[in-house]
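*Asks:* This is the structure I have questions about; it appears just below.
The values are calculated or read from the model by the stated rules, or taken from the named source; none is laboratory data. Remember, predicted model here, so these are calculated numbers, not experimental data. FYI the Cβ positions are ideal-geometry reconstructions off the backbone, even for glycines, and counts take in every protein chain you see. Note: accessible area is taken over every heavy atom of the protein model, side chains too, but ligands, DNA and RNA are not part of it. Shrake-Rupley method; radii C 1.70, N 1.55, O 1.52, S 1.80 Å.
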Amino acid sequence: MPSKKALVRRPSPRLAEGLVTHIERQKVDHDLAVEQWEGYVAALRAHGWETLEVDPADDCPDSVFVEDTVVMFRNVALITRPGAESRRAETAGVEEAVARLGCSVNWIWEPGTLDGGDVLKIGDTVYVGRGGRTNAVGVQQLRAAFEPLGARVVAVPVHKVLHLKSAVTALPDGTVIGHIPRTDAPSLFPRFLPVPEESGAHVVQLGGGKLLMAASAPRTAELLADLGHEPVVVDISEFEKLEGSVTCLSVRLRELYA
């Protein structure tokens, strides 16, 4: 049976100091962010996910974006080496968490850099964004870690957004969705569906046709509902001010061995 566990990490008190790259800095309401994070976690739990809270990293402003610290393929956890040096202290607590779950642990090593937000898995195909946070050596190391396990690794250029999954994610049938102005190379994906809002490109598959997505994309939610999916909407506006999305606030572990 597939596992339904999700790693999450409570927002740092320094969240408002988090990095911004492709957007202008806005004021972040920390109390509202914590409330929204709790709503996000509750939505996962309400749809059958067991949430596992990684130890807080209060000195790391971006640590709530836990997805960037590890990439999972089956039972193997690849601990990343974030492209932003200020984020590298975030990985230790995540490494401990996945080790406790019995994962086989590998690492990205210097000079490689890799952010988990640059990795989109569709079946055994692993798309990896080569952009501002993930370098060519990181792509090579990911390929070396996962191809022996049966992965097909496809590198994708990323220039218009922070991470690959800032531009595209995938529906349960494998169709990739993205907002065209923010997508560098939609032709690399066998099936691509344009969506009308930038934040509509970000969905988390909850199972049973349900898609976790941001409240800031109502037209995309309507489009996906019309195609037979069931949007589960959460407000993550404070995290969107820091280029965050529904994907980067958790690490979904779907294939842990029993």
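*Asks:* Tell me, which residue of region 23-33 that is among the hydrophobic types (A, V, I, L, M, F, W, C) and assigned to a loop (DSSP other than H, G, I, E, B) is surrounded by the fewest Cβ atoms within 10 Å (Cβ to Cβ)?
*Replies:* As a first pass, look at region 23-33 and keep what is among the hydrophobic types (A, V, I, L, M, F, W, C): 23, 28, 32-33.
Cutting the leftovers down to assigned to a loop (DSSP other than H, G, I, E, B) gives us 23, 28.
Working: I23: 12, V28: 18.
So, considering only residues that are among the hydrophobic types (A, V, I, L, M, F, W, C) and assigned to a loop (DSSP other than H, G, I, E, B), the one surrounded by the fewest Cβ atoms within 10 Å (Cβ to Cβ) is I23.
*Asks:* Tell me, which strands (runs of 3 or more DSSP E) lie completely within region 97-151 with 2 or more residues that are of a type outside the set (A, V, I, L, M), over 18 Å from the mean Cα position of the chain (by Cα) and modelled with pLDDT of 95 or more? First the steps, then the outcome.
*Replies:* Working: elements: 104-107, 119-122, 125-130.
Here the list reads 104-107.
*Asks:* Further question on the same structure: Just the residues that are open to solvent by 60 Å² or more (accessible area, probe 1.4 Å), of a type outside the set (K, R) and over 18 Å from E147 (Cβ atoms), please, taken from region 96-119.
*Replies:* E96, E110, P111
*Asks:* Another one. How about region 49-72: which of its residues are open to solvent by less than 50 Å² (accessible area, probe 1.4 Å) and closer than 19 Å to G207 by Cβ?
*Replies:* If the condition is that a residue be open to solvent by less than 50 Å² (accessible area, probe 1.4 Å) and closer than 19 Å to G207 by Cβ, then W49, T51, L52, E67, M72 are the ones that fit.
*Asks:* Here is a further query. Output the number of residues of region 228-247 satisfying the condition of being surrounded by fewer than 20 Cβ atoms within 10 Å (Cβ to Cβ), charged (D, E, K, R) and touching a helix residue (DSSP H, G or I) at 6+ places or on another chain (Cβ under 8 Å).
*Replies:* Adding up the residues that qualify gives 1.
*Asks:* List the residue pairs whose Cβ atoms are under 6 Å apart, where the first residue sits in region 3-22 and is open to solvent by less than 50 Å² (accessible area, probe 1.4 Å), the second is of a type in the set (F, W, Y), and the two are 6 or more positions apart or on different chains.
*Replies:* Partner pairs satisfying both residue conditions: A6/W49; P11/W37.
*Asks:* Within 14 Å of the chain's Cα centre (by Cα) and within 14 Å of Y127 (Cβ to Cβ), is that true of L206?
*Replies:* In short, no.
*Asks:* Further question on the same structure: For the structure I just gave you, tell me whether A84 is within 16 Å of L164 (Cα to Cα), at pLDDT 95 or above and of a type in the set (A, V, I, L, M, F, W, C).
*Replies:* yes
*Asks:* Identify the residue in region 83-95 that is of a type in the set (A, V, I, L, M) and over 10 Å from V70 (Cβ atoms) and, among all such residues, is most open to solvent (accessible area, probe 1.4 Å).
*Replies:* Taking region 83-95 first, the residues of a type in the set (A, V, I, L, M) are 84, 89, 92, 94.
Narrowing further to those that are over 10 Å from V70 (Cβ atoms): 84, 89, 92.
Details: A84: 15, A89: 73, A92: 55 Å².
If we take residues in region 83-95 being of a type in the set (A, V, I, L, M) and over 10 Å from V70 (Cβ atoms), then A89 is most open to solvent (accessible area, probe 1.4 Å).
*Asks:* Which of the residues spanning region 187-209 are touching a strand residue (DSSP E or B) at 6+ places or on another chain (Cβ under 8 Å), among the polar types (S, T, N, Q) and either open to solvent by less than 50 Å² (accessible area, probe 1.4 Å) or farther than 18 Å from D226 by Cα (or both)?
*Replies:* Selection gives S199 alone.
*Asks:* Restricting to region 148-184, name every residue that is loosely packed, with under 14 Cβ neighbours inside 10 Å and over 20 Å from G228 (Cβ atoms).
*Replies:* P148, L149, G150, R152, P157, H159, I180, P181
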